[in-house]
Amino acid sequence: MQKLRLGVNIDHVATVRQARGGSHPSPLRAAMMAAAAGADGITAHLREDRRHISDHDIESLRLELRIPLNLEMAATEEMKTIALKHLPHACCIVPENREERTTEGGIDAAGQFDRLKPIVAELVDAGIRVSMFIEPDKRQLDASRALGAPVVELHTGAYSNAKGVEQKALLNKVDVAAKYGTSIGLEIHAGHGLTFENVQAIAAIREIRELNIGHYLIGEAIFIGLEASIRRMRQLMDEART
Ligand code: PXP
């Protein structure tokens, strides 16, 4: 079975820094530590309101990081220009509502097809690996493929928030979507809301190639340290895979 990559999202290191407006703690330092602890990539979401990650963070990550950077971004002209300037390894296209606390749902790749098409095309043409952050839904998978994105990231937020029978049904939706997406030639990633407790069922879906995990890892770092938090997640993912 192919190795499951771990992308560590460092947004919430920046959230803590922004609480005081200074330069500590540094997302770049966290990214370097994550790489040393076994992260295969770093994810950072440059939001339109710059509430956590800043333009300078993206610049310094791009300069210093030796593992792939995945820039999460809304599909806007401003973000496209920034992506084309920095040329990260990957861009994950997410919906963005100003009032939301976090990315609340997947992007409507089908409903916003005409708006998204030229943006995805420009990023792909620039050699950036584009992924669409979508709900685990056949219509969204078909639309992502038709948009020309080589990758989709399946939103695991609903699965993560559910319990019991409902969670099982939502896990099945992710599984079915991962299999269908692979069958139409998409590379499958997943993420949102994953924890030590709920990661293994998702990691066991062998079509999934990468998980992007942030909030829980940074939260857990308060108790056990960032390195231990990432190593534990890595271990749980590897165990689920064998
Ligand atoms: N993937 C995407 C596209 C996201 O927007 C987020 C949240 O920023 C994550 C993964 C990580 O989610 P969490 O912080 O809940 O682990």
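For the stretch 67-90, name all the residues that are more than 14 Å from H45 (Cα to Cα) and among the hydrophobic types (A, V, I, L, M, F, W, C).
If the condition is that a residue be more than 14 Å from H45 (Cα to Cα) and among the hydrophobic types (A, V, I, L, M, F, W, C), then I67, L84, L87 are the ones that fit.
Please give the number of the condition A35 fails out of (1) in contact with a strand residue (DSSP E or B) (Cβ under 8 Å, 6 or more places away or on another chain); (2) not in a helix (DSSP H, G or I); (3) not hydroxyl-bearing (S, T, Y).
(2)
For G181, are the conditions met, namely being away from the ligand (no atom under 13 Å from the Cβ) and surrounded by fewer than 16 Cβ atoms within 10 Å (Cβ to Cβ)?
no
Taking the stated definitions as given, is I128 of a type outside the set (F, W, Y), away from the ligand (no atom under 15 Å from the Cβ), buried (at least 17 other Cβ atoms within 10 Å of the Cβ) and over 14 Å from the mean Cα position of the chain (by Cα)?
yes
For E99, work out the one condition from (1) modelled with pLDDT of 95 or more; (2) part of a loop (DSSP other than H, G, I, E, B); (3) away from the ligand (no atom under 15 Å from the Cβ) it doesn't fulfil.
Exception for E99: condition (1).
Restricting to the stretch 136-155, give me the number of residues that are closer than 10 Å to A177 by Cα, over 13 Å from the mean Cα position of the chain (by Cα) and within 16 Å of the ligand (Cβ to nearest atom).
Residues flagged as closer than 10 Å to A177 by Cα, over 13 Å from the mean Cα position of the chain (by Cα) and within 16 Å of the ligand (Cβ to nearest atom) within the stretch 136-155 amount to 4.
What pairs come up if the first residue lies in the stretch 156-177 and is among the hydroxyl-bearing types (S, T, Y), the second is more than 13 Å from the ligand (Cβ to nearest atom) and part of a helix (DSSP H, G or I), and their beta carbons are under 7 Å apart, counting only those six or more places apart or on different chains?
Close Cβ pairs (under 7 Å, with a partner that is more than 13 Å from the ligand (Cβ to nearest atom) and part of a helix (DSSP H, G or I)) amount to T156/V174; Y159/Q167; Y159/L170; Y159/L171; Y159/V174.
Scan the stretch 138-156 for residues that are surrounded by fewer than 19 Cβ atoms within 10 Å (Cβ to Cβ) and closer than 23 Å to G214 by Cβ and report the count.
1
Tally time: how many residues in the stretch 1-31 are part of a loop (DSSP other than H, G, I, E, B) and either under 14 Å from the mean Cα position of the chain (by Cα) or surrounded by 15 or more Cβ atoms within 10 Å (Cβ to Cβ) (or both)?
Result for the stretch 1-31: 4.
Can you tell me which residues in the stretch 203-229 are within 12 Å of the ligand (Cβ to nearest atom) and part of a loop (DSSP other than H, G, I, E, B)?
Result: G214, single match.
Which condition number does G41 fail, the rest of (1) under 19 Å from A190 (Cβ atoms); (2) more than 17 Å from the chain's Cα centre (by Cα); (3) of a type outside the set (V, I, T) being met?
(2)
What helices (runs of 4 or more DSSP H), lying completely within the stretch 106-202, carry at least 1 residues that are out of contact with any Leu (no Cβ under 6 Å at 6 or more places or on another chain) and among the β-branched types (V, I, T)?
Result: 113-125, 164-183.
Check off (1) within 15 Å of the ligand (Cβ to nearest atom); (2) loosely packed, with under 15 Cβ neighbours inside 10 Å for R115 and give me the number that stays unchecked.
Against the list (1) within 15 Å of the ligand (Cβ to nearest atom); (2) loosely packed, with under 15 Cβ neighbours inside 10 Å, R115 comes up short only on (1).
The values are calculated or read from the model by the stated rules, or taken from the named source; none is laboratory data. A quick note: this is a predicted structure, and the numbers were derived from the prediction, not measured. Because the Cβ atoms are built from the backbone with ideal geometry, glycine has one as well, and the counts that use them run over all protein chains shown.
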